Amino acid sequence: MCATDKYGFPIRHRTRQKVQHGFMTGDIVRAAVPSGKYQGVHTGRVTVRAKGGFVVRNVGKLVCETAPANITAIHRSDGYAYEF
């Protein structure tokens, strides 16, 4: 699977590795961000990035971006969509 430019040529490819630092997209996590723009404790669904950074969203809205060291797993992804 890849993303294409406006002419149809491949420009990006998805990573083959599903788990990054023990987390997978869809896991519900608690992010305790110590400082910066997103400082505080946030809960939501994590999106794993190939470069190592994580994005936490709650009901589709961006809550924070953080490193894996600041994240604690609450519930592992099992294929179902859970609401808060």
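Bear in mind these aren't lab numbers, they're just calculated from the coordinates by the rules spelled out. Here the structure is a predicted model, which is why all the values come from computation and not from measurement. Because the Cβ atoms are built from the backbone with ideal geometry, glycine has one as well, and the counts that use them run over all protein chains shown.
Going 7 Å from the Cα of residue 2 along its beta-carbon direction, which residues of the stretch 12-48 have the amide nitrogen within less than 17 Å of the resulting point?
Correct set: 12-17.
So which chymotrypsin sites (Phe, Trp or Tyr not before Pro) in the stretch 12-77 end up in coil per DSSP with only 14 or fewer other C-beta atoms within 10 Å?
Here no loop site has a sparse enough neighbourhood.
Of 59, 36, 20, which is farthest along the charge dipole of the stretch 18-75 in the positive direction, counting Lys and Arg as +1 and Asp and Glu as -1 at C-beta?
Highest projection toward the positive end goes to 59.
What's the magnitude of the charge dipole for the chain around its Cα centre, counting Lys and Arg as +1 and Asp and Glu as -1 at the beta-carbon? Answer in Debye, nearest 20.
Dipole about the Cα centre, nearest 20: 240 debye.
Using only the Cα atoms of the chain, what do you get for the radius of gyration and for Dmax, in Å?
14.4, 44
Quick one: if you stick a label point 7 Å off each Cα along the C-beta vector at residue 9 and residue 24, how many nm between them?
3.6
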